[in-house]
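*Asks:* Starting off with a structure, shown below.
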Amino acid sequence: MPGLKVRVATRGSKLSIEQVKIALSHISRVLGKVEYELVIVKTRGDIVTDKPIRDIGFKGVFEKEVNQAVLDGRADIAIHSMKDLPARIDERLDIVVVPPRGDPRDAIVPPPPGPTLRSLPERAVVGTSSARREALLLYHNDGITVKPLRGNLDTRLGKLSAGEYDYIVVSEAGLQRLGVRVERLVLPIYDFPPAPGQGLIAVVGLKGDPLASKLRKADDKLSRIMAEAERAFLEKAGGGCRIPVGGVAVVRGDKILFTAAVVSPDGSRAFWVRSKGDIRDPRRVGLEAGEAISAGIEKVLE
């Protein structure tokens, strides 16, 4: 498919644009050279920066306006961080390509004095605006203070350097994709399950569009399996920005290992799910994990 030209809707952050480059570089390796034009879109989540994401009031705060550019014909495809997509997107759209996954884990910057979150100093101020990250932090160490932190990765690191926070929690994939060289502790998924879709990139196109059919040939098989399992989990378990739920699928041979947790907002109660299923039916694996965690949500948040 040499000479293909596409208009790509995306947010304007450095990380969003880097994800476009990563996705289209992968597609080019599989299908031939792809030229592209960026269509930069500001989302509700980009505009409202003085509130935690969970307080803005609806799902898809980083997704809706970007996908609308495709629906309006201003762009041919949209490229997102998978974790920004709600469980269900507009029925006229589809995730047509999932490139190879980056690291799904979270990282804390700088690393604590010991090997785990339990070694964070008492009264340390840790920055995050994620309900999931906040609850998990408090679950592992109730002596710390969690303070809201918004902004792109550069902004967050800048606030850390300025002394507004002692530590911040960010996506390891984001650090790697932007080539940020900082010391950090990468948090194991069995202790600190990431948001469903973290580390994955989603290329969204119109259903039935010939371009989408061509692009599907570049889909990464293993990453698609993980994406389908995690999105099915999200669909069943709910969660999002308000409920502290994490869930991640890892492929091992012909099996999918799924780790998930829901934690009360104050970190005092938690419910964990660790399950295994067949690689040939990732949706079923995700739905079963989601059903199990739904029971935990009732227990933990009652």
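*Asks:* Taking the Cα-to-Cβ direction at residue 142 and at residue 269 and moving 7 Å from each Cα, how far apart do the two end points lie in nm?
*Replies:* Reported label-point gap for residue 142 and residue 269 is 1.3 nm.
*Asks:* Within region 161-240, list the GluC sites (Glu not before Pro) lying in a DSSP loop whose Cβ has at most 16 other Cβ atoms in a 10 Å radius.
*Replies:* Listed in order of number, the matching sites are 164, 183.
*Asks:* If a/c stays under 1.5 just call it rounded; otherwise compare a/b with b/c (prolate if a/b is bigger, oblate if not). Do that for region 129-277, with a ≥ b ≥ c from the square roots of the Cα gyration tensor eigenvalues.
*Replies:* oblate
*Asks:* Sticking with the crude label model, points 7 Å out along Cα→Cβ, report the distance from residue 299 to residue 123 in nm, one decimal please.
*Replies:* Going by the 7 Å Cα→Cβ label model, 3.6 nm.
*Asks:* Starting from region 123-223, pick out the trypsin sites (Lys or Arg not before Pro) whose DSSP state is loop and whose Cβ has at most 16 other Cβ atoms within 10 Å.
*Replies:* Passing sites in region 123-223 are 123, 181, 207.
*Asks:* In 5 Å bins starting at zero, report the fraction of Cα pairs in region 106-186 per bin as a rounded %.
*Replies:* 3, 16, 30, 29, 17, 5, 0
*Asks:* Right, another one. Looking only at the chain, where both bridge partners belong to it, what percent of the DSSP beta bridges are antiparallel (to the nearest 5)?
*Replies:* 70
*Asks:* Within 10 Å of each candidate Cβ there may be at most 14 other Cβ atoms; applying that plus a DSSP loop requirement, which trypsin sites (Lys or Arg not before Pro) in region 242-302 survive?
*Replies:* 280
*Asks:* Sort 201, 279, 40, 144 so that the residue with the fewest other Cβ atoms within 10 Å of its own Cβ comes first and the one with the most comes last.
*Replies:* Least to most surrounded, the residues fall as 40, 279, 144, 201.
*Asks:* Calculate the dipole size of the chain relative to its Cα centre from +1 charges on Lys and Arg beta carbons and -1 charges on Asp and Glu beta carbons; express the result in debye to the nearest 20.
*Replies:* The dipole magnitude comes to about 540 debye.
*Asks:* With a 10 Å Cβ neighbour count serving as the proxy for reagent exposure, in which order, fewest first, do 291, 63 appear?
*Replies:* With the fewest neighbours first, 291, 63 line up as 291, 63.
*Asks:* Check the straight Cα-Cα distances from residue 207 and name the lysines below 29 Å, setting aside those fewer than 8 residues away within the same chain.
*Replies:* Output for residue 207: 5, 14, 21, 33, 42, 59, 64, 83, 217, 221, 236.
*Asks:* Right, another one. 222 nm [θ] for the chain, helices only, -39500 (n - 2.57) per DSSP H run of 4+, per residue, to 500?
*Replies:* Result for the chain: -10000 deg cm²/dmol, rounded to the nearest 500.
*Asks:* Among 273, 146, 28, whose Cα sits farthest toward the positive end of the charge dipole of the chain (+1 at Cβ of Lys/Arg, -1 at Cβ of Asp/Glu, about the Cα centre)?
*Replies:* Value: 28.
All of the numbers you see were taken from the coordinates with simple rules; none came from a lab. Because the structure is predicted, anything quoted here is derived from the model rather than measured. A quick note on method: Cβ atoms are made from the backbone with ideal geometry, for glycine too, and the neighbour counts reach across all protein chains shown.
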